[in-house]
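Heads up, the thing below is written out as structure tokens.
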Amino acid sequence: KDAMCTEGKWILENLEEGLFHQFKFNKVLFTGESPYQTVEVLDTQTFGRCLMLDGLMQSAEIDEMIYHECLVHPAMVAHPNPKRVYIGGGGEGATLREVLKHKSVEHVVMCDLDEKVVKLCQEHLRPHHKGALDPGCPRVELAFDDAKKYLEDHEGTWDVIILDLPDPVECGPAFTLYTQEFYAFCMSKLNPDGVLVTQSGPMSVHSHNVVFTPINSTLRSVFPHVTAYGSYVPSFGHEWGYNIATKRPEEFASFSATPAEIDAKVEAKIDQTTQFGPLLFFDGISNQRIMSLSKITRKALADETRVAKVDSPMTFNAGKGIAVTGAQ
């Protein structure tokens, strides 16, 4: 401990067996329990204000735009005219913020299981949501329910489904939402030109086969067109993976578009002058970069055959963060 930190208060985040991520925090803004998880909001030296759930980093002020812009905009740009958007999860409101930048969106539902987390984020993480979580925000419906149950209980179909869910941690609330059965149900809730995207966990070369490649394989067992991509998120301590699926080849073609073509779509589709702010990470060149996976990752995706099902789900054991007080 003394060799790793010499002063102040530190978090040691247990990313996996034998691997820790360490960062210094200045102040605890909130700590408590929701019905589902331990919730902390920290003011950190390196990453700014951060949300942590069950001791693991969820979102950091300094780099959350990388994760959220990569999750949202490839799917939204691929769809010709997204009007109805469903977000499963998304507690801190940054995914919602990015969706609301699209001029065509008429109605977006953000359904998160943990109402207490969303309320805390409304108060403590305003730089993340920029008013998207405010009561009465136009075009927005907030729901507090299981992501699948909401879709089951409400009629209608969607242009884009964005799954910003917790990782499929063993015994956690979300592991059944990474299964073949759930993806098939989502496909039935998409319009013919619909697009689905899901966050897909760590994509680093030593960990990409834990959940990233099985999610890709599971989606491929349901959808005719699936692609994987990723970006490095410093506060996560990993390259982070995403998988995107379409029903038709027309939408899928967007993922191999040239930088100029993507920039033209961004210009036409996104209003960067609203309260929700401009794009800070995503553009045509960045799209080309996140879609260009390494040879070793491409091979792992091609070789993957596992398919997660309700009776044989894909889960992993996650570590927890440990607060450490260094010498004063």
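Within segment 92-118, residues that are open to solvent by 20 Å² or more (accessible area, probe 1.4 Å) sit with their Cβ atoms under 9 Å from residues that are of a type outside the set (A, V, I, L, M) and in a helix (DSSP H, G or I), at 6+ positions apart or across chains, in these pairs: Lys103/Lys269; Ser104/Lys269. In segment 24-52, how many are assigned to a strand (DSSP E or B), touching a helix residue (DSSP H, G or I) at 6+ places or on another chain (Cβ under 8 Å) and buried (at least 20 other Cβ atoms within 10 Å of the Cβ)? Qualifying residue count, segment 24-52: 5.
Figure legend. Inter-residue proximity from segment 275-289: first residues within 19 Å of Thr227 (Cβ to Cβ), second residues open to solvent by less than 60 Å² (accessible area, probe 1.4 Å) and in a loop (DSSP other than H, G, I, E, B), beta-carbon distance below 8 Å, spacing 6+ or different chains. Indicated pairs: Gly284/Ala257; Asn287/Ala257. The single condition among (1) polar (S, T, N, Q); (2) open to solvent by 20 Å² or more (accessible area, probe 1.4 Å); (3) under 19 Å from the mean Cα position of the chain (by Cα) that Ser256 does not satisfy is (3). Kindly evaluate Pro166 against the criterion of being open to solvent by 40 Å² or more (accessible area, probe 1.4 Å), under 14 Å from the mean Cα position of the chain (by Cα), in contact (Cβ under 8 Å) with a residue 12 or more places away in the chain and under 26 Å from Leu42 (Cβ atoms). The answer is yes for Pro166. All conditions but one from (1) in contact with a Phe, Trp or Tyr (Cβ under 7 Å, 6 or more places away or on another chain); (2) without any contact (Cβ under 8 Å) to a residue 24 or more places away in the chain; (3) not hydroxyl-bearing (Ser, Thr, Tyr) apply to Glu261; the one that does not is (1). Residue pairs whose Cβ atoms lie under 6 Å apart, sitting 6 or more positions apart in sequence or on different chains, and linking a residue in segment 59-73 that is under 14 Å from Ser235 (Cβ atoms) to a partner that is open to solvent by 20 Å² or more (accessible area, probe 1.4 Å) and among the basic types (Lys, Arg), are Glu61/Arg49. If you go through segment 96-124 and keep only what is within 17 Å of the chain's Cα centre (by Cα), of a type outside the set (Lys, Arg), assigned to a helix (DSSP H, G or I) and more than 16 Å from Phe144 (Cα to Cα), you end up with Glu98, Val99. The set of residues in segment 77-90 that are part of a loop (DSSP other than H, G, I, E, B), open to solvent by less than 10 Å² (accessible area, probe 1.4 Å) and at negative phi comprises His79, Pro82. Just one of the listed residues (Ala184, Ala174) is open to solvent by 30 Å² or more (accessible area, probe 1.4 Å) and either more than 17 Å from Arg84 (Cα to Cα) or touching a residue at least 60 places away in the same chain (Cβ under 8 Å) (or both), and it is Ala184. Among the residues of segment 193-214, those that are open to solvent by 10 Å² or more (accessible area, probe 1.4 Å) and either farther than 17 Å from Met76 by Cβ or part of a helix (DSSP H, G or I) (or both) comprise Pro202, Ser204, Val205, His206, His208, Asn209, Val210.
Got at least one residue in segment 263-278 being within 28 Å of Tyr178 (Cβ to Cβ), among the β-branched types (Val, Ile, Thr), open to solvent by 100 Å² or more (accessible area, probe 1.4 Å) and part of a loop (DSSP other than H, G, I, E, B)? No - not one qualifying residue is present in segment 263-278.
Return a yes/no flag: does segment 15-26 have any residue that is touching a His at 6+ places or on another chain (Cβ under 8 Å) and under 23 Å from Gly131 (Cβ atoms). Looking through segment 15-26, none of the residues is touching a His at 6+ places or on another chain (Cβ under 8 Å) and under 23 Å from Gly131 (Cβ atoms). Under the condition of being open to solvent by 80 Å² or more (accessible area, probe 1.4 Å) and either on the phi > 0 side of the Ramachandran plot or not in a helix (DSSP H, G or I) (or both), the residues counted in segment 279-291 number 1.
Scanning segment 45-88 for residues that are within 20 Å of Glu13 (Cβ to Cβ) and among the small types (Gly, Ala, Ser) returns Gly48, Gly55, Ser59, Ala60. So in segment 215-247, with the set limited to residues that are in a strand (DSSP E or B) and of a type in the set (Val, Ile, Thr), which one is surrounded by the most Cβ atoms within 10 Å (Cβ to Cβ)? My answer is Ile244.
The values are calculated or read from the model by the stated rules, or taken from the named source; none is laboratory data. From a predicted model like this one, the values you see are computed outputs, not experimental measurements. As a convention, Cβ positions derive from the backbone with ideal geometry for all residues, glycine included, and neighbour counts pool all protein chains shown. Please note that ligands, DNA and RNA were not included when accessible areas were found on the heavy atoms of the full protein model with its side chains. Shrake-Rupley method; radii C 1.70, N 1.55, O 1.52, S 1.80 Å.
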